[in-house]
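A short write-up of the structure that comes next.
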Amino acid sequence: MTDSAPTLGGYCGIASDHPFHGPYHDEEYGFPVTDDDRLFERLVLEINQAGLSWLTILKKVEGFRIAYDHFDVGIVARYDDTDRARLMDDSRIIRNRLKIEAAIHNAGVILTMRGSHGSFAEWLETHDPKSKESWVRLFKTTFRFTGGEITGEFLMSIGYLPGSHDPACPVYDRILRLSPPWTRTTLAST
């Protein structure tokens, strides 16, 4: 009888050894994030994924970073019509006017959060814990282009909602050791 590795479900099962999904799965997805620019990056990428494959977005991450000034919230919040036109002409990103407008608007919202809460990260902490449905309602009234799927994936990707990794996935234990926000309520109730 031989020991075999468990079959992983979901994203864990398809990401293994993939040139784009693998590094994202192993080093970013589901790990807690507290830096505002990194949080903003994740939000913009999730918004841009709407209607597209995640692989399309992963292939364009570097282009997004360059086009959006490395997701510096203060810079993006000040984008003007010249920047909007530049982004619409940039083939390294998803050229969708509504998604570009959402990114600029949402950067401004995050700047406002810095005044009211100190940071986007602190704003998230202030509202945690919430169910996915409650998070979706809050995001819809706070940000642009943040429906249920976008909000859920964003929060899962930064550790606020469980489900990013199969419990049999080795990354799952690495993330648990970092005490992501979802463990405060999920593990306490088991």
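Worth a mention:
- Charge sum, other residues only, whose C-beta stays under 14 Å from residue 36's C-beta, Lys/Arg counted +1 and Asp/Glu -1: -4
- Computed from backbone phi, the HN-Hα couplings of segment 74-90 come to x, 6, 4, 4, 9, 4, 10, 4, 5, 5, 4, 5, 4, 5, 5, 9, 8 Hz, rounded to whole numbers (Karplus: 6.51 cos²θ - 1.76 cosθ + 1.60, θ = phi - 60°; Gly and Pro given as x).
- Put the Cα centre of segment 136-190 next to the Cα centre of segment 15-79 and the gap is 16 Å.
- In terms of packing, defined here as the mean over residues of other Cβ atoms within 10 angstrom, the peptides 101-110, 176-185 line up highest first as 101-110, 176-185.
- Rg/Rg_ref, segment 35-179, where Rg_ref = 2.2 N^0.38 Å and atoms are Cα: 1.05
- Principal-axis tilt of helix 132-142 within the chain, Cα atoms, nearest 10 degrees: 10
- Sequence-ordered 3J(HN,Hα) estimates for segment 45-53 from the Karplus curve with 6.51, -1.76 and 1.60 and θ = phi - 60° stand at 5, 5, 4, 6, 6, 3, x, 10, 7 Hz, glycine and proline given as x.
- Estimated purely from DSSP H runs of n ≥ 4, each contributing -39500 (n - 2.57), the mean residue ellipticity at 222 nm for the chain is -18000 deg cm²/dmol once divided by its residues.
- Restricting attention to segment 35-179, lysine pairs at least eight places apart or on different chains and with alpha-carbon atoms under 23 angstrom apart total 6.
Each reported figure results from applying straightforward, stated rules to the coordinates on display, with no laboratory input. Just so you know, these numbers come straight off a predicted model, no measurement behind them. Glycine gets a Cβ as well: all are built from the backbone with ideal geometry, and neighbour counts include every protein chain shown.
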